[in-house]
Every structure is written in C-alpha cells, then in structure tokens.
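Notes to accompany the following structure.
Readers should treat all values here as calculations from the given coordinates under stated rules, not as data from a laboratory. Just so we're clear, the structure is a prediction, and the values are computed from it rather than from any experiment. Note that we place each Cβ from the backbone using ideal geometry, even for glycine, and neighbour counts take in every protein chain shown.
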Amino acid sequence: MPKFEFEDLIKLEKYYKIALINKIAGLKSANLIGTKSNSGTSNLAIFNSVVHIGATPPLMGFILRPLTVDRHTYSNIKENGHFTINQVTTAIHQKAHQTSAKYDQGVSEFEECGLKEIYIDDFPVPFVVESNIQIGLSFQEEHLIAANNTRLMIGRIEKLILPDEVIKEDGDIDLVALDTAAIGGLDTYYAAKRIGRYGYARVKEAIKKLD
Ligand SMILES: Cc1cc2nc3c(=O)[nH]c(=O)nc-3n(C[C@H](O)[C@H](O)[C@H](O)COP(=O)(O)O)c2cc1C
C-alpha cells in the first residue's frame, strides 16, 4: 500500500506530484469564470476550486494560482470588479477544458473554444449561454495564502439565473437534471449520480431521507 510522508511528497517528480495531490481531494465543482478587460476583451477560464463561502450575504469564492504569470481572470476582476461563475455541463465539458489553454490577453476564449457569451441586463461581464447555472458576482475580497502564494478570491452574488422549473419548493435544485459535471484533479471529468438527500442531522436521531 503506497504511503507518503511530507518529505516523500515534496521529492516526487513535478507532474506526478501535481497529478496525485490534485486528485486526492475527491470530486470538485466544474465552473467557467467569465470576466472582461477594460479594453473590451472577454475572458473565460475553467476553475475546479469554486466554493460556497456563505448564504447571508450570498458569497462564493475560488482559489487563484500564484501571480507568477499573467492571470487574465485576476487582472480583469481587479480592473472592473465583476466576474461570472457558470457551471460546466457534461455537454460542454470538452470546450470548457480547452479554456485552460494559455490564450493571449487580446483573445477571447469564448470564440476560441466555441462557447457563446451573453450579457444579461446591465451586468458588465459575460455569462456562458450553454451553462445551466449562471451567477454574476461583484468582487469583495482577496486573501493571500502565505503558505503557497495562492489567493482566495471572494465575490458577492448579484445575479443568479437558473432554467425554469428547476427550483423545488424548499429551494433545492436537481444537479443531475441540470447536467452538472464534476472534475477530478486537472484532467478528468465526471457526470453526477444522486445517491441520497437527507435532513438536518441530529444526535441520537436516525437520518431522515428527503425526496
Ligand atoms: C480542470 C482544471 C481546473 C483548473 N482550476 C483552476 C483553479 O481552481 N485555479 C486556478 O488558478 N487555475 C485553475 N486552472 C487553470 C486555469 O484554467 C488556467 O490557468 C487558465 O489559463 C487561466 O486563464 P486566465 O489567464 O484567462 O485567467 C484549472 C485548469 C483545469 C484544466
């Protein structure tokens, strides 16, 4: 059974280490982050680190790699203060993956990767037409993680758009019906399979199955 101590991990070959460490967190969300530069070029990139930060106020965040190279998503957010989070479906996962290529600053990944952009109401940055969950956010905070120079970028949800009739009476949504994709590491995509939904867990009470 392979067993690694910290000293073993840091000595691993670079790409082996990246593949291994990226995958051990399990399945992660698959989202496209849309932004726009002040010079007018739209930008789209895939992220597997989008997280829910809180519901009141409604906040979401993502982890941004160190600024050792140009990071267009970051510079655009700092320029105009807005970004969109667009959930990847299984139908568009290959196009979504292609957005991770290093396109030049003046090039839009929407065009290059075959995804349609849409501006909704007066929101200043584009959403992905093919995405079933479209979220528009205003930039709130960034937190430098000193341990490795990554950043936690946090935005406030200003606009949330879902297809008709997917929200249940209690606010739940069916991610399988929305064709949600998930990501393992940086290279493997998965479709969702629902295995159970349960009520608030209480000590000494059996878990309650929900529909
Ligand atoms: C599956 C996958 C997940 C990724 N997740 C992240 C992430 O969470 N954070 C990050 O900084 N880069 C992530 N990347 C890398 C970015 O997609 C890539 O650096 C992209 O070129 C950034 O584009 P930009 O310079 O237009 O912002 C991921 C790449 C792939 C293939």
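Figures for the structure shown
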{"read-out": "Residue among 18, 77, 10, 24 that is within 10 Å of the ligand (Cβ to nearest atom) and not acidic (Asp, Glu)", "value": "77"}
{"read-out": "Which listed residue, of 88, 107, is crowded, with 22+ Cβ neighbours inside 10 Å and in contact (Cβ under 8 Å) with a residue 40 or more places away in the chain", "value": "88"}
{"read-out": "In the stretch 166-188, residue surrounded by the fewest Cβ atoms within 10 Å (Cβ to Cβ) [restricted to those that are of a type outside the set (A, V, I, L, M, F, W, C) and within 16 Å of residue 131 (Cα to Cα)]", "value": "174"}
{"read-out": "Selection within the stretch 110-128 - assigned to a strand (DSSP E or B), crowded, with 21+ Cβ neighbours inside 10 Å and in contact with a Leu (Cβ under 9 Å, 6 or more places away or on another chain)", "value": "128"}
{"read-out": "Among (1) within 15 Å of the ligand (Cβ to nearest atom); (2) free of Cβ contacts under 8 Å to residues at least 12 places away in the same chain; (3) over 17 Å from residue 42 (Cβ atoms), the one test that residue 71 misses", "value": "(3)"}
{"read-out": "Output for the stretch 85-109, where each listed residue is in a loop (DSSP other than H, G, I, E, B) and within 11 Å of the ligand (Cβ to nearest atom)", "value": "88, 99, 100, 101, 102, 103, 104, 105, 107, 108"}
{"read-out": "When residues of the stretch 19-61 are limited to those that are outside any strand (DSSP E or B) and among the β-branched types (Val, Ile, Thr), the one surrounded by the fewest Cβ atoms within 10 Å (Cβ to Cβ)", "value": "56"}
{"read-out": "Of the criteria (1) in a strand (DSSP E or B); (2) crowded, with 19+ Cβ neighbours inside 10 Å; (3) touching a Phe, Trp or Tyr at 6+ places or on another chain (Cβ under 9 Å), which one residue 77 fails", "value": "(1)"}
{"read-out": "Selected residue (only one of 143, 82 is away from the ligand (no atom under 12 Å from the Cβ), of a type outside the set (Val, Ile, Thr), in contact (Cβ under 8 Å) with a residue 40 or more places away in the chain and farther than 23 Å from residue 188 by Cβ)", "value": "82"}
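Here's the yes/no breakdown for (1) of a type in the set (Ser, Thr, Tyr); (2) within 16 Å of the ligand (Cβ to nearest atom):
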position: 150; (1), (2): yes, yes
position: 153; (1), (2): no, yes
position: 166; (1), (2): no, no
position: 197; (1), (2): no, no
